[in-house]
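We did not get these values from a lab; they are worked out from the coordinates using the rules stated. For clarity, every value in this text was computed on a predicted model and none was experimentally measured. Cβ: placed from backbone, ideal geometry, glycine included. Neighbour counts: every protein chain shown.
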Amino acid sequence: MSADTTGGTNGTGAAEAEVVDLCRDLLRIDTSNYGDGSGPGERVAAEHVMELLHEVGLQPEYVEGFPKRGNVVVRVPGDERGTAERGALLLHGHLDVVPAQAADWKVDPFSGEIADGCLWGRGAVDMKDMDAMLLAVLRDMARTGARPPRDLVFAFLADEEAAGVQGAEWLVNHRPELFEGVTEAVSEVGGFSVDLDGQRTYLLQTAEKGLAWLRLVAHGRAGHGSQVGTDNAVTRLCAAVTRIGEYTWPLEYTATVRQFLEGVSEITGVPFTETDPSALLAKLGTTARWVGATLQNTSNPTALDAGYKHNVIPGSASALIDTRFLPGRQEQLMSTIRELAGERVDVEVVNQSVALETEFAAPLVDRMQAALLAEDPGAKVLPYCLSGGTDNKSFSHLGIRGYGFAPLRLPAGMDFAGMFHGIDERVPVDALKFGVRVLQRFVATC
């Protein structure tokens with residue numbers, strides 16, 4: 001059992017002992033989310049979570065806003081004074097995963113196999129690892145009767161991989177009372193380590209880019225394919241898609257990104273040059289793919305649809321564009337996209353979500369850092385911005401400040417960024433156990 005620098009002990013050891021089995025069992029439940037309403041849903045996994053919580057005497061609530069889209073929420077009462085001062089804390093994870101093609105993997109993606117010191121499977125890092133760590137900590141609290149310093153709300157959610165419309169977003173809109181009094185939230189894609197010239201550094205997520213999924217619809221004159229085409233919707237669409245796809249967005253540094261890059265510069269000794277940060281990004285290894293996308297807005301064409309017969313000129317053609325914008329840059333992005341699209345090309349918003357940014361200098365962040373450094377003395381902690389998004393976006397509509405803190409101490413050189421939605425997704429067994437120890441320290445002081 002690790003010594004607790006806050007004056008207590010770091011749990012009973014039971015959480016650390018069971019976290020791998022908890023994660024493996026979740027990985028073996030196929031919760032693939034295809035984004036179109038098909039797929040197995042999260043009900044089986046949510047019912048499994050219900051059983052695990054009932055087993056230790058908790059009374060969670062199962063909520064299903066859509067068929068098979070199971071959510072589980074449970075509140076753990078904390079110290080009344082702490083709750084009055086700081087409000088309740090939400091710790092949440094999603095149960096769904098993106099699909100996996102078994103033929104592409106070295107192992108069955110739903111086998112939960114342990115090999116090479118890692119637990120393999122779809123969701124091993126996104127994010128059934130965090131689900132398992134939360135379950136392990138929660139079950140240990142229930143068994144020991146530990147009382148946290150403030151109310152804690154644990155939520156295991158559906159549909160995050162499709163923007164949470166049938167999960168977190170639905171709960172926020174239809175069951176907001178489940179999150180009564182919650183002021184802050186902790187979830188995925190933060191708290192993992194990277195190696196910076198031999199200095200282990202943990203990246204704590206304090207910001208997320210916003211999302212706008214767009215549909216371009218170009219209009220023209222329908223006609224016979226043999227005619228001279230001067231008003232062709234396909235041509236107009238392709239020109240618009242090319243302009244958008246090839247557009248170079250300017251570099252812009254939000255407060256979070258600037259603080260992160262300045263921190264990397266201090267650790268590595270490589271100067272932070274605003275006009276060309278490539279030398280600094282090179283120090284990040286594979287994590288540079290994530291960080292590089294947070295230096296600017298992005299717009300990527302992802303699908304085309306036009307016509308129905310070889311010799312018929314269609315009257316319209318459409319394309320899908322995935323755009324991500326920095327905090328405070330949504331209007332700028334949309335204005336630029338409309339200008340690039342040009343005349344007679346409509347820009348429709350299919351789905352959108354907010355960008356988030358909160359302070360790194362905050363009491364809750366201090367407690368996250370203390371928990372990390374108690375388990376890994378000598379490490380550094382930096383804020384960073386996530387190029388994707390989490391369910392914190394939905395909870396922000398309730399005034400809840402969200403952070404990414406799923407702590408993992410990773411081996412140097414591991415392509416952690418490539419694990420997300422990639423093949424052969426896996427998490428080191430030791431990292432899971434480390435994460436549990438850190439989270440136990442965190443919830444004991446939060």
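For region 124-204, the C-alpha radius of gyration divided by 2.2 N^0.38 Å, with N the number of residues, is 1.34.
Per-residue 3J(HN,Hα) values for region 192-204, derived from phi via the Karplus relation 6.51 cos²θ - 1.76 cosθ + 1.60 with θ = phi - 60°, read 8, 9, 10, 9, 10, 6, x, 9, 5, 10, 9, 9, 9 Hz in sequence order (x marks Gly and Pro).
Summed over all non-identical Cα pairs, the Kirkwood treatment of region 26-177 gives a radius of 16.2 Å.
In this structure, the amide hydrogen of L410, modeled 1.01 Å from its nitrogen in the peptide plane, lies closer than 5 angstrom to those of S193, counting only residues at least 5 positions away or on a different chain.
Karplus-based coupling profile of region 208-216, in residue order and whole Hz: 9, 5, x, 10, 9, 8, 10, 10, 8, with θ = phi - 60° in 6.51 cos²θ - 1.76 cosθ + 1.60 and x standing for Gly or Pro.
For V443, neighbours were defined as the other residues whose beta-carbon sits under 11 Å from its Cβ, and their charges (Lys and Arg +1, Asp and Glu -1) total +3. Shown here for region 170-231: trypsin sites (Lys or Arg not before Pro) in loop regions (DSSP other than H, G, I, E, B) with at most 15 other Cβ atoms within 10 Å, namely R221. Rg/Rh for region 235-300 (Cα atoms only, Rh after Kirkwood) is 1.11. Here region 23-45 is scanned for amide nitrogen atoms under 15 Å from the site 7 Å beyond the Cα of A102 along Cα-to-Cβ, giving 28-32. Straight-line cross-link partners of K68 among the lysines, defined as a Cα under 27 Å from its Cα and at least 8 positions apart when in the same chain: K128, K393. In a Gaussian network model over the chain where Cα atoms closer than 10 Å are linked, find which of H94, H54, H310 has the largest mean-square fluctuation. Greatest mean-square fluctuation among the candidates belongs to H310. Ordering V291, L364, G112 by Cα displacement along the dipole of the chain toward the positive end leaves V291 in first place; charges were set at the Cβ atoms of Lys, Arg (+1) and Asp, Glu (-1).
For the pair region 360-378 / region 250-301, the C-alpha centres are spaced 23 Å from each other. A DSSP coil position with no more than 12 other Cβ atoms inside 10 Å describes the following GluC sites (Glu not before Pro) in region 180-258: E180. For the chain, the fraction of alpha-carbon pairs lying more than 28 Å apart is 52 percent, rounded to a whole number.
Highest-first packing order for the peptide set 23-30, 347-354 is 23-30, 347-354, based on the mean count of other beta carbon atoms within 10 Å. Computed from backbone phi, the HN-Hα couplings of region 224-232 come to 6, x, 8, 7, 6, x, 10, 9, 9 Hz, rounded to whole numbers (Karplus: 6.51 cos²θ - 1.76 cosθ + 1.60, θ = phi - 60°; Gly and Pro given as x).
The residues neighbouring T230, those whose beta-carbon lies less than 15 Å from its own, together hold a net charge of +1 under the Lys/Arg +1, Asp/Glu -1 convention. Please list the helices of the chain that count as membrane-span-like by this rule: a mean Kyte-Doolittle hydropathy of at least 1.6 together with Cα atoms stretching 30 Å or more along the helix axis, each helix being a complete DSSP H run. Sorted by number, there is nothing, because no helix extends far enough and scores high enough.
Packing here is the average count of other Cβ atoms within 10 Å per residue, and on that basis the peptides 121-131, 66-76, highest first, run 121-131, 66-76. Taken over region 207-353, the convex hull of the Cα atoms encloses 122 Å³ per residue. Taking Cα centre as origin and charging only the Cβ of basic (Lys, Arg, +1) and acidic (Asp, Glu, -1) residues, the dipole magnitude of the chain rounds to 520 debye.
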